[in-house]
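What follows is a short report on a single structure.
The values are calculated or read from the model by the stated rules, or taken from the named source; none is laboratory data. None of the values given here were measured: they were computed from a predicted structure. Cβ atoms come from the backbone with ideal geometry, glycine included; neighbour counts cover every protein chain shown.
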Amino acid sequence: MADPRDITDAEWRERLNPDQYRILRQKGTERAFTGEYWDTKDVGTYACAGCGTHLFRSDAKFDSGCGWPSFYEPLDGLVIEEDRDTSFGMVRVETMCRACGGHLGHVFPDGPPPTGLRYCINSASITLVPGE
């Protein structure tokens, strides 16, 4: 794959389905309890749906009750980029795939040990690579 940051908007529209494009490229979200992975317990690695970068391990996934897949830590601290998000009258920390810049979701300081973090991620932003 070419450098994901060099892919044009038209190319992203061709590569992604409409929900993935809306979420990854336009910073959208999916409704709670509707995404493919919010309650998945399968073993594997979750990768960015945009570029395939491995982001989270299934053993870091937990049931936060929020309706989106939640993880207490990324696979590697270098795969996630964070930015201040003040949309919708709230102040949050947005999470993006560092490799392609795709919007993943947000991170909150109310997760379980050992990190105390909750990475609240849209299912459409990730794909499960089984068994890894």
Task: Residue, surrounded by the fewest Cβ atoms within 10 Å (Cβ to Cβ), within segment 95-115, restricted to residues that are over 21 Å from Ala49 (Cβ atoms) and not acidic (Asp, Glu) - done: Pro113
- [ ] Within segment 42-56, identify whether any single residue is of a type in the set (Val, Ile, Thr) and either at pLDDT below 95 or closer than 12 Å to Tyr119 by Cα (or both), and answer yes or no.
- [x] no
- [ ] Write out, first by first residue and then by second, each pair whose Cβ atoms fall under 6 Å of each other, whose residues are 6+ apart or on separate chains, and whose first residue, in segment 99-122, is in contact (Cβ under 8 Å) with a residue 12 or more places away in the chain and closer than 16 Å to Leu78 by Cα while the second is of a type in the set (Val, Ile, Thr) and part of a loop (DSSP other than H, G, I, E, B).
- [x] Ala99/Thr53
- [ ] Identify, from the list Arg118, Arg57, Arg92, Arg84, the residue that is more than 22 Å from Ile7 (Cα to Cα), surrounded by fewer than 15 Cβ atoms within 10 Å (Cβ to Cβ) and of a type in the set (D, E, K, R).
- [x] Arg84
Task: All positions within segment 23-42 that are free of Cβ contacts under 8 Å to residues at least 40 places away in the same chain and either touching a Phe, Trp or Tyr at 6+ places or on another chain (Cβ under 9 Å) or surrounded by 17 or more Cβ atoms within 10 Å (Cβ to Cβ) (or both) - done: Ala32, Phe33, Asp39
